[in-house]
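Trainee: My questions will all concern the structure given below.
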Amino acid sequence: MRVNIIGGGLAGCALAYVLKNNGCEPVIYEAGSALASGASGNDVGLYNPRFTAQYDAVGEFYTKAFFEALRVFDDIGAAADWDPCGALHLMNNPQKEKRYPKTVEAYAWPDNGMQILTPEEASEVAGVDILSGCLYLQKSGKISPKKLCSVYASGVECHLNAPISSLEDLDGDITVLACGSAAKQFDIAKHLPIKPVRGQVSYIAESEVSSRLKTALCFGGYIAPAQNGVHCLGSTFQRWLDHDNLIAEDDMANIEKLCDEVKVLAYNYNIVNSKAGVRTVSQDHFPIVGQLGERVFISTAHGSHGILSSLLSAIILTDIILGAGNQIVNEGTMMALSPKRFVVN
Ligand SMILES: Cc1cc2nc3c(=O)[nH]c(=O)nc-3n(C[C@H](O)[C@H](O)[C@H](O)COP(=O)(O)OP(=O)(O)OC[C@H]3O[C@@H](n4cnc5c(N)ncnc54)[C@H](O)[C@@H]3O)c2cc1C
């Protein structure tokens, strides 16, 4: 089966990877001059699930996405700078102090894969002083989304500088929209409640203290352990902006948040680089994955968790396309992902 994929970011490339491994012939059409021209173009990203207090559709989706990602990264992650350095999610406000222990109990990950640590235990894991308790994901970490796109798309037919404006222009058996909020430019998807949300990450030179950081820290923002003396520090959220020009104040905001929330890392950091991008979010903050029309499918709205969600979405979509019926997630989660949830009767 020849499958047109519109968009060469994480959603499109992950789908191409899974389709190819299942005997299909994916073809990527990317508007930009390279893969990962949009939100997926960061050099460093953290792969973390979204946390809810119950093991609901969100819990099932991101748990399965996490373990699928570990399996795939174990195979191909080295070429995308995969570093399973662990992630500490600071319980730095009363809501998180209440919610994270419930998450750990409800998700019940095997082998202490998700656990609550005291400040002392967290400090030991982090290599720097952490003042609050934390939710700890031992096998979480960082990877390069940009390189991951190339690795996923290796051996796949890719057309760059190829903006698609009409689905009728394409040959192939079916088409998948994996082009973020640009999906709305196609009539078949224009009713979907998806919006762009701009963000910027800052790359900062390590300080003497921050160079000791061994795990990723998530505190509202996030900081990854330094790679060649540079940390990735993220990220801003601007629901009202949809451009990827750099904004100097965003770097200041990222650094200020780090200094406020992780006192031991407060420092006058040098900014080495910055990168802005535009996420796509849906009204209910859950990805949109499934069939839109007779020969048209979609994978979008990966929000702030696209490294994980793009891969499981690709596995689910491949299963739907091939009619394999593998029940990768339960029926309720499939409904929660489906574009049909937005159809007004
Ligand atoms: C600042 C920032 C930090 C982030 N940090 C993290 C993180 O740490 N961890 C994490 O998991 N996620 C993170 N994310 C989110 C993650 O990057 C996104 O969820 C993910 O990149 C979405 O992938 P996508 O393929 O859906 O979209 P995109 O990467 O935007 O890909 C869509 C592609 O479609 C192309 N396109 C659009 N229209 C057309 C057309 N008509 N024809 C052909 N091509 C078209 C675009 O050029 C683009 O390349 C971050 C996002 C931002 C902005």
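The values are calculated or read from the model by the stated rules, or taken from the named source; none is laboratory data. Fair warning: this is a prediction, and the values are worked out from it, not measured in the lab. Because the Cβ atoms are built from the backbone with ideal geometry, glycine has one as well, and the counts that use them run over all protein chains shown. We work out accessible area using only protein heavy atoms, side chains counted, and drop any ligands, DNA or RNA first. Shrake-Rupley method; radii C 1.70, N 1.55, O 1.52, S 1.80 Å.
Trainee: Using a Förster distance of 45 angstrom, determine the FRET efficiency expected from the C-beta separation of Ser165 and Ala205, and round it to 0.05.
Mentor: The computed FRET efficiency comes out at 0.55.
Trainee: Can I ask one more? Carbon and sulfur: what percent of region 1-110's accessible surface (1.4 Å probe)?
Mentor: 49 percent
Trainee: Could you pull out every residue, at least 5 positions away or on a different chain, whose amide H is within less than 5 Å of the one on Asn48? Hs are placed 1.01 Å off N in the peptide plane, and Pro or chain starts have none.
Mentor: Leu308
Trainee: Once fully extended, how much extra length lies between Leu322 and Glu121, figured as 0.36 nm per residue of separation less the alpha-carbon to alpha-carbon distance?
Mentor: So the chain would gain 67.7 nm between Leu322 and Glu121.
Trainee: Let me ask something else. Pull out a ≥ b ≥ c, the square roots of the eigenvalues of the alpha-carbon gyration tensor of region 160-298, then state rounded if a/c is under 1.5, prolate if not and a/b is larger than b/c, and oblate in the remaining case.
Mentor: Prolate is the answer for region 160-298, as a/c is 1.5 or above and a/b outweighs b/c.
Trainee: Right, something else. Could you report the accessible area of Val264 in Å², rounded to 10, computed with a 1.4 Å probe on the protein chains as they sit in the structure?
Mentor: Taking all protein chains as shown, Val264 has close to 50 Å².
Trainee: What angle, in degrees between 0 and 90 and rounded to the nearest 10, separates the Cα long axis of helix 94-107 from the longest principal axis of the Cα atoms of the chain?
Mentor: The two axes meet at around 60 degrees.
Trainee: Give, in nm to one decimal, the length gained when the segment between Gln54 and Gln283 is fully stretched (0.36 nm per residue of separation minus the Cα-Cα distance).
Mentor: Here the answer is 80.4 nm.
Trainee: Percent of accessible area on region 214-345 owned by carbon and sulfur, 1.4 Å probe?
Mentor: Percent of accessible area from carbon and sulfur atoms in region 214-345: 50.
Trainee: Another question about this same structure. Compute the distribution of all C-alpha to C-alpha distances in the chain, in bins of 10 Å from 0, and list the percent of pairs in each, rounded to whole numbers.
Mentor: Each 10 Å bin holds this share of Cα pairs: 6, 26, 35, 24, 9, 1, 0.
Trainee: Extending each Cα 7 Å along its Cβ direction at His191 and Val272, get the distance between those two points in nm, one decimal.
Mentor: 4.9 nm
Trainee: How large is the accessible surface per residue of the chain, computed with a 1.4 Å probe and reported in Å² as a whole number?
Mentor: The answer is 44 Å² per residue.
Trainee: Please compute the contact order of region 262-345 in relative form: average sequence separation of alpha-carbon pairs under 8 Å and at least six residues apart, divided by the residue count, as a percent.
Mentor: In percent, rounded to a whole number, it is 27.
Trainee: I would also like to ask the following. Given the protein chains as shown and a 1.4 Å probe, how many square angstrom of Lys184 are accessible, to the nearest 10?
Mentor: Spelled out: Lys184, probe radius 1.4 Å, area about 80 Å².
Trainee: Please determine, in degrees from 0 to 90 and to the nearest 10, the orientation of helix 57-76 with respect to the longest principal axis defined by the Cα atoms of the chain, where the helix direction is its Cα long axis.
Mentor: Long axis of 57-76 versus the principal axis of the chain: about 90 degrees.
Trainee: Could you give the length gained by full extension between Arg71 and Arg2, i.e. 0.36 nm per residue of separation minus their alpha carbon distance, to one decimal place?
Mentor: Computed gain between Arg71 and Arg2 is 22.2 nm.
Trainee: Okay, moving on. Between Gln238, Gln95, Gln200, find the one with the highest GNM mean-square fluctuation for the chain; connect C-alpha pairs within less than 10 Å.
Mentor: Highest fluctuation among the options: Gln95.
Trainee: Leaving out ligands, DNA and RNA but keeping every protein chain, what accessible area does Arg212 have, in Å² rounded to the nearest 10, with a 1.4 Å probe?
Mentor: Per-residue accessible area (Arg212): approximately 120 Å².
Trainee: State the cysteines of the chain left without a partner when partners are defined as other cysteines whose beta carbon lies under 4.7 Å away.
Mentor: Cys24, Cys85, Cys134, Cys158, Cys179, Cys218, Cys232, Cys259
Trainee: Also: Can you tally the net charge around Phe51? Count Lys and Arg as +1, Asp and Glu as -1, for every other residue whose Cβ sits under 15 Å from the Cβ of Phe51.
Mentor: +2
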